[in-house]
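The values are calculated or read from the model by the stated rules, or taken from the named source; none is laboratory data. If you're wondering where the values come from, they're calculated on a predicted model, not measured in any experiment. Glycine also receives a Cβ, built like all others from the backbone with ideal geometry; neighbour counts cover every protein chain displayed. In case anyone asks, the SASA skips ligands and DNA or RNA and just uses the protein heavy atoms, side chains included. Shrake-Rupley method; radii C 1.70, N 1.55, O 1.52, S 1.80 Å.
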Amino acid sequence: MKKTDNCTIENSKIILNNEIIFETQTENFSEFAKEAYKSLELNYPKFHKMDNLSKLAFLASEKILKDEDHSRTALVFANKSSSLDTDFKYQESINSQENYFPSPAVFVYTLPNICVGEISIKHKMQTENAFFVLDEFDEKFLNDYSEQILQSRKADKVLCGWVELYQESYNAFVYLLAL
């Protein structure tokens, strides 16, 4: 297997193949995501409705995937916090006695695999996807799992990644594998 492209997001920077392609001073993830979306000239209006974990995964994936055909690209992602950031926001909407109305728009994002779903929809991916919750980034595990997918010919490429977001702490490392 060979790693072709990679993207890292942390400390208000997006780094594609070791080159900074976006940087800002804001420490707030929501503001960072909005600024990155505009700066990178992405055109996917659904982005603005996504939860922060999905935005992080989307931003980390988008420049790697570009506008090529990825219908046979699989997705294998992992993180530590699952969808806990969104889960807390949803719980707050349930707990609010003044504004009690659990939001279906927030509830949709209370599973971490929704972020791989968003990427799959955007790129019309029609193959395997998985989202693992692990104690720490385990590249060997992700690569071994991806190698099985590639060798079984269920996909031509696999986009792997670690997308961790909880409150204002976030980092992503996403990379593309091929045989």
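Assorted remarks:
- Residues of the range 52-67 satisfying the condition of being in contact with an Asp or Glu (Cβ under 8 Å, 6 or more places away or on another chain) and either among the polar types (S, T, N, Q) or closer than 13 Å to SER120 by Cβ (or both): ASN52, SER54, ALA57, PHE58
- When restricted to residues that are surrounded by 14 or more Cβ atoms within 10 Å (Cβ to Cβ), among the acidic types (Asp, Glu) and either touching a residue at least 24 places away in the same chain (Cβ under 8 Å) or closer than 16 Å to LEU159 by Cβ (or both), the range 16-53 contains 1.
- Among (1) modelled with pLDDT of 85 or more; (2) open to solvent by 30 Å² or more (accessible area, probe 1.4 Å); (3) under 23 Å from LEU42 (Cα atoms), the one test that ALA105 misses: (1)
- Filtered residues of the range 3-34 (kept if in a helix (DSSP H, G or I) and out of contact with any strand residue (DSSP E or B) (no Cβ under 8 Å at 6 or more places or on another chain)): SER30, GLU31, PHE32, ALA33, LYS34
- Only listed residue being without any contact (Cβ under 8 Å) to a residue 60 or more places away in the chain, charged (D, E, K, R) and under 20 Å from CYS160 (Cα atoms), chosen from ASP67, ASP87: ASP67
- ILE121 passes every criterion in (1) within 22 Å of LYS49 (Cβ to Cβ); (2) surrounded by 16 or more Cβ atoms within 10 Å (Cβ to Cβ); (3) β-branched (Val, Ile, Thr) apart from (2).
- Residues in the range 54-100 that are open to solvent by 10 Å² or more (accessible area, probe 1.4 Å), outside any helix (DSSP H, G or I) and hydroxyl-bearing (Ser, Thr, Tyr): SER71, SER81, SER82, SER96, TYR100.
- Count of the range 37-66 residues which are of a type in the set (Gly, Ala, Ser) and more than 14 Å from the chain's Cα centre (by Cα): 1
- Any hit, the range 127-147, residues being surrounded by 12 or more Cβ atoms within 10 Å (Cβ to Cβ), part of a helix (DSSP H, G or I) and in contact with a helix residue (DSSP H, G or I) (Cβ under 7 Å, 6 or more places away or on another chain): no
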